[in-house]
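> Below are the structure tokens for one structure; questions will follow.
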Amino acid sequence: MVLRSELQNVKELLSIFPAVAILGPRQVGKTTLAFEITKEYDSIYLDLESPRDIAKLSEPEDYLSRHSDKLVILDEIHRIPGLFSILRGLIDENRRKGNKSGSYLLLGSASLDLLKQSGESLAGRIGYTNLNPLSFTEIKATDLEKLWLRGGFPDSFLASSDSVSFKWRENFIRTYIERDIPLLGARISSETLRRFWTMLAHEQSGIVNASKLARSLGVDSKTIANYIDLLVELLLVRRLPPWHKNEGKRLVKSAKVYIRDSGLMHTLLQIKNMEMLLSNPILGASWEGFVIENLIESLPDNARYYFYRAAGGAEIDFVIEFNPSKVWAIEVKRSLTPKVEKGFYSGAEDVKAERKLIIYPGNDNYKITNDIEVVSLGHACNILKTN
């Protein structure tokens, strides 16, 4: 499942930069997207997890120089960080010769690592784009619950049944824990990492108590922070920062933490179908995380996002800052008859929100006060895309 907009975005970047990096978690469709691009370019593909392809790069400068007229696709490039400095030399040599036809498409599933390595070596020579799991705007509206339950990884979402989808996600998690994360050099036992990841799922949409988690795992708080950093780097966990611009209030200063893909969160908690989800205490937190991840996917690039919580009880699930004078406050409710608490009114006043939205699982859009709108997730995503 490759969207035309994603394909066009990568093609535009390739017309501007000699190197383009596609960032996204494993199995999200980066390789599929790359192969779609090969239909329009003279290209070669190298999988840097394949011993055969790695052997081709035993003399990387010589090999890549021989293909300077092609689009060279390097999958999982962060496995061989030394390639970045070599690419810089080849790109600069092509520029000196006036040859702009040679390009490099770099695929990676460890975002911070790849950004750091490429940023140091390829500054000014590389463009970036993210490929995330499927969002609500990319599917039929009638498939909302399926997307929420199964998550947005294409193989999981498109599986023939909930049972097959669950088994796919179980194997996805196992592969990450037993193979992918150890390859990044992380010294964490698979059992400990599975327990930790599951603990984060139980804390979905909450502020993580690092000390509590540390006691449960028999480690210190710094180690817990390192574990979270690792899952954030792998694009599996998101930190939602707190709003911090109201100096006159005592504000919560710790980030909220979410399992980014709702399907993975449900798998970690052994939630296999919609009936199990609807009867689970995690229901509201799961819906909140799912909604917020979809909202983030719909935001313009210049928007910043936070949550807001003050000591006096003022609280907003999601705060969007389009610019310093244009702030929206969004509350997420699972109820079909949502009610607004006093804390939301206070929070919206604190952040000086010009627009206030309540997102709920229904389809109708209406106002409950002169300035508070109740809207569907689809409507919210559409209006965000136009701002």
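> Check which residues have an amide H placed less than 5 Å from Lys256's amide H, if you skip close sequence neighbours.
Residues meeting the amide H criterion: Leu240.
> Thr337 to Arg174: extension gain in nm, 0.36 nm per residue of separation minus the Cα-Cα distance?
Contour length minus Cα-Cα distance gives 54.7 nm.
> Using 0.36 nm times the number of residues separating Asn323 and Ala141, minus their current alpha carbon distance, what extension gain do you get?
Residue separation times 0.36 nm, minus the Cα-Cα distance, leaves 62.5 nm.
> 7 Å from Cα along Cα→Cβ at both Arg239 and Lys167: what's the point-to-point distance in nm?
Taking the two extended label points, one gets 3.9 nm.
> Same structure again: Once you sort the root eigenvalues of the Cα gyration tensor of the chain as a ≥ b ≥ c, which label holds: rounded (a/c under 1.5), prolate (a/b larger than b/c) or oblate (the other case)?
Verdict is prolate for the chain.
> Using Cα pairs closer than 8 Å and at least 6 residues apart in sequence, work out the relative contact order for the chain, in percent. Don't skip to the answer; put the middle values down first.
Working: 611 pairs, mean separation 48.7, N = 387.
Relative contact order comes out at 13 percent.
> Right, something else. So for the range 136-385, taking the charge dipole from beta-carbon charges (+1 Lys/Arg, -1 Asp/Glu), which of Leu147, Val237, Ser254 sits furthest toward the positive end?
Ser254
> Sort Glu297, Glu170 so that the residue with the fewest other Cβ atoms within 10 Å of its own Cβ comes first and the one with the most comes last.
Glu170, Glu297
> Still on this structure: Under 1.5 on a/c is rounded, so check that first for the range 4-130, then, if it is not, pick prolate when a/b is larger than b/c and oblate when it is not; a ≥ b ≥ c are the square roots of the alpha carbon gyration tensor eigenvalues.
Cα axes put the range 4-130 in the rounded bin.
> Another question, if that's okay. Please report, in debye to the nearest 20, how large the charge dipole of the chain is about its Cα centre when each Lys and Arg carries +1 at its beta carbon and each Asp and Glu carries -1 there.
640
> Let me ask you something else. With charges set only on the Cβ (+1 for Lys and Arg, -1 for Asp and Glu), what does the dipole of the range 230-387 come to about its Cα centre, in debye to the nearest 20?
Using only the charged Cβ atoms, the result is roughly 320 debye.
> Would you work out which of Val164, Leu74, Ile181 lies farthest towards the positive end of the dipole of the chain? Charges go on Cβ: Lys and Arg +1, Asp and Glu -1.
The residue sitting farthest along the positive end of the dipole is Ile181.
> Across the range 260-271, in residue order, what do the Karplus-derived ³J(HN,Hα) couplings come to in whole Hz, using 6.51 cos²θ - 1.76 cosθ + 1.60 with θ = phi - 60° and x for Gly and Pro?
Per-residue couplings from phi come out as 5, 9, 4, x, 5, 4, 5, 5, 4, 9, 6, 9 Hz.
> Still on this structure, please answer the following. Provide the gained length on full extension for the span Glu191 to Tyr366, in nm with one decimal, where the gain is 0.36 nm per separating residue minus the Cα-Cα distance.
Difference between extended and current length: 58.2 nm.
> Take the alpha carbon gyration tensor of the range 326-387, find the square roots of its eigenvalues, order them as a ≥ b ≥ c, and report rounded if a/c is under 1.5; if not, report prolate when a/b exceeds b/c, else oblate.
Cα axes put the range 326-387 in the oblate bin.
> How would Asp75, Asp371, Asp143 line up from fewest to most surrounding beta-carbon atoms within 10 angstrom?
Asp371, Asp143, Asp75
> While we're on this one: Please report Ser109, Ser216 as a ranked list, fewest other C-beta atoms within 10 angstrom at the top and most at the bottom. Don't jump to the answer; show the numbers that get you there.
Working: Ser109 24, Ser216 13.
Listing Ser109, Ser216 from fewest to most nearby Cβ atoms yields Ser216, Ser109.
> For the pairs Lys326/Lys385; Lys256/Lys367; Lys245/Lys339; Lys11/Lys39, note any where the Cα-Cα span goes beyond 20 Å.
Lys256/Lys367; Lys245/Lys339
We did not get these values from a lab; they are worked out from the coordinates using the rules stated. Since the model is a prediction, treat every value here as computed from it, not as a measurement. Backbone-built Cβ (ideal geometry, glycine too); neighbour counts: all protein chains shown.
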